[in-house]
1. Fewest Cβ neighbours within 10 Å first, please rank Ile100, Ile91 accordingly.
2. For Glu55 and Lys99 in the same chain, what is the full-extension length gain: residue separation times 0.36 nm, less their Cα-Cα distance, in nm?
3. Expressed as cubic angstrom per residue, what is the convex hull volume of the alpha carbon set of the chain?
4. Measuring from label point to label point, each 7 Å out along Cα→Cβ, what is the Asn45 to Ile76 span in nm?
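Read-outs: derived from the displayed coordinates by stated rules, not from any lab. This is a predicted model, so every value here is computed, not measured. For neighbour counting, all protein chains shown are included, and Cβ atoms are generated from backbone atoms with ideal geometry for every residue, glycine included.
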Amino acid sequence: MNINESFRYMQSFWVTFTVLRFLKLSVVSVRIVAPSFTTHSFGMNQRMVVLKTSELYCVGSEEYRVTAMGPSTAEIAPPGYYLLFVVHAGIPSSGMWVKIQ
């Protein structure tokens, strides 16, 4: 997976990923997950945000690039670090740390 390591609210960015048998854009999503912490058996700050995607290009053999947009507001995703995943047909990629500014 290839991406800039930081982006801003409502900023468009792209992610390059590899998949052996690509299906179609409708089964691709880009998601960010906040790192949570646990206290007294209760997970604090748990959140997953599905980002809006717009375009998908084939850039090589089994390699694709999807354009996504950062979250709309700090209420949806406060500034900080998140794990970003590309999900294809329900199967997530390995995560990559990104920072929302």
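1. Details: Ile100 21, Ile91 10.
Taking fewest neighbouring Cβ atoms as first place, the list is Ile91, Ile100.
2. Extra length available between Glu55 and Lys99 comes to 13.6 nm.
3. Residue-normalised Cα hull volume stands at 97 Å³.
4. 2.0 nm
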